[in-house]
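Report on the following structure.
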Amino acid sequence: MSAPGGPSRITRLSGRETTLAGALTVRRVLPAAAQRSVGPFIFFDHFGPVTLPPEVDTDVGGHPHIGLATVSYLFEGGFLHSDSLGTVQTIAPGAINWMVAGRGVVHSERVPEAERGHPRRLHGLQLWVALPPELAQCEPSFQHVAAADLPHVSLDSGEAGRVSVRVLVGEAFGVRSPVRTASPTLYLDITLPPGASWTLPPLADEQAIFSPEHALTVDDEALAPRDMAVLPAGEAVSLQAGAEGARLVLVGGQPLAQPVRMWWNFVSTDPALIEKAAADWAAGGFDPIPGETDRIPAPPWRVRA
C-alpha cells in the first residue's frame with residue numbers, strides 16, 4: 001500500500017471524449033500515450049449513460065475490421081449487430097458478444113426497430129482485443145453468450161456484505177467463461193457493496209480497472225469515475241467503495257507478443273496488411289453484410305514512415 005504523498009502504484013488514464021450523433025458521448029481510454037494496451041486489450045471505449053431523444057440516430061453502418069476481436073458489453077439499452085458472416089444478433093445488457101475479424105469482416109450496429117422513434121437509454125463498453133500474430137489472418141467468427149450463461153461468484157468482503165463478480169471472459173475465482181479467446185484474456189464485471197473494502201488479487205499478467213459511474217479508492221489513492229487504473233503487475237490491491245457502492249470492470253491478460261499498428265478499424269503487426277485492407281475497402285472489397293448496402297468510407301490513407 002502506498003504511503004500518503006508517496007509514489008503512485010497505479011497508472012491513471014483519463015481518456016478523451018468525443019460526441020457522436022449529437023447526443024452520445026464516447027470516452028476513449030485505450031490506447032493512451034502512457035499505456036497503449038492492457039494485456040491484449042488495445043482499445044477501450046465507454047459510452048453513456050444517456051437517455052437519447054427519439055430523433056437521434058446512432059446507427060453505425062457497414063465498416064470493416066482485420067486482425068482483432070471486438071467485444072461488446074452493455075449495462076443498459078440495446079443495439080442490433082449484423083455482419084458479413086450472416087450473423088444478426090440483438091445485443092442486450094449483460095451478454096458478451098465477441099467478433100473475431102481475422103483476415104477481414106464487415107459489421108454494422110443499429111438501433112433495434114422496436115426502439116426507433118422512442119427515447120432510449122444506452123450505456124456500455126466497446127473493446128478491441130489484438131489477435132496473436134499467428135492468428136491475425138484467421139477465418140472470421142462471431143460468438144454470443146447470453147447474460148444467463150456467464151458464470152457468477154459471490155465473495156466475502158467482511159461486514160459490508162458480498163462482492164459480486166461476473167466472469168465475462170477468461171477464468172477467475174474458480175469459474176470460467178464459455179467465451180473462446182485466442183490468448184489468455186480476462187474481463188470481469190465486479191460490484192462492491194456500499195462501504196466495502198476488498199482485496200483484489202493479481203489475476204492476470206497485466207490488469208486494469210475502470211468504474212463507469214462510481215468513485216473508488218485504490219489502496220490509498222482516489223480514483224474518479226471514468227478513469228482507468230492500470231494496476232501493479234503481480235500485486236494485490238485494496239479497493240474501497242463509497243456509500244453508494246461501486247460497479248467496475250477489470251480487463252487484462254497476457255501482454256502482446258509484439259506491438260501492433262492501428263489505422264482506422266485495422267490492426268496488424270505488418271503495416272503492409274493494413275495498407276492492403278485500406279485499398280481493398282476503397283475498391284469495394286470485403287464480403288458484404290447480407291441485405292445491407294451502406295458502407296462507411298475510410299479516412300484518407302496516409303503512408304507513415
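What follows draws every value from the coordinates through simple rules; no lab data is involved. Here the structure is a predicted model, which is why all the values come from computation and not from measurement. Here Cβ is always computed from backbone atoms with ideal geometry, including for glycine, and neighbour counts include all displayed protein chains.
Please give the per residue volume of the convex hull enclosing the alpha carbon atoms of the chain, rounded to a whole number of Å³. Display every interim value, and only then the final one.
Values: hull volume 43.2 nm³, N = 305.
Here the figure is 142 Å³ per residue.
Ranking request for peptides 287-294, 195-202: highest mean number of other beta-carbon atoms within 10 Å first, then the rest in descending order. Write out the running numbers ahead of the final one.
On the way: 287-294: 13.0, 195-202: 15.5.
Result, highest mean first: 195-202, 287-294.
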* Structure fact -> Expressed in angstrom and rounded, the centroid-to-centroid distance over alpha carbons for the stretch 260-301 and the stretch 20-79 is 18
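Once Rh for the stretch 61-137 is found with the Kirkwood sum over Cα pairs, what is the Stokes-Einstein diffusion coefficient at 4 °C and 1.567 mPa s, in µm²/s?
98
Give me the extension gain from Ala215 to Asp156: residue separation times 0.36 nm, minus the current Cα-Cα distance, reported in nm with one decimal.
Length gained, Ala215 through Asp156: 19.2 nm.
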* **Whole-Å semi-axes of the stretch 181-285's equivalent ellipsoid (Cα gyration tensor)** => 36, 16, 11
* To do: Can you tell me the order of 120-130, 30-40, 82-92 when each peptide is scored by its average per-residue count of other Cβ atoms within 10 angstrom, highest first?
  => 120-130, 30-40, 82-92
* Structure fact -> Between the Cα axis of helix 271-282 and the main Cα principal axis of the chain, the angle (0 to 90°, nearest 10) is 50
* Structure fact -> 1/(1 + (r/R0)^6) with r = Cβ-Cβ of Glu76 and Glu235, R0 = 30 Å, i.e. FRET efficiency to nearest 0.05, evaluates to 0.35
* Would you compute the Debye intensity of the stretch 159-209 from its alpha-carbon atoms alone, equal scatterers and no solvent, and pass along log10 I(q)/I(0) at q = 0.14, 0.20 Å⁻¹ to two decimals? => -0.40, -0.75
* Structure fact -> In Å, the C-alpha Rg and Dmax of the stretch 251-290 are 13.2, 37
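Once you order the gyration tensor axes a ≥ b ≥ c over the Cα atoms, which shape class does the stretch 1-148 get: rounded for a/c under 1.5, otherwise prolate or oblate by comparing a/b with b/c?
Working: a/c = 2.08, a/b = 1.21, b/c = 1.72.
The shape class here is oblate.
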* To do: At a temperature of 10 °C and a viscosity of 1.306 mPa s, determine how fast the stretch 116-174 diffuses translationally according to Stokes-Einstein, using the Kirkwood radius over alpha-carbon pairs as Rh; express D in µm²/s, rounded to the nearest whole number.
  => 100
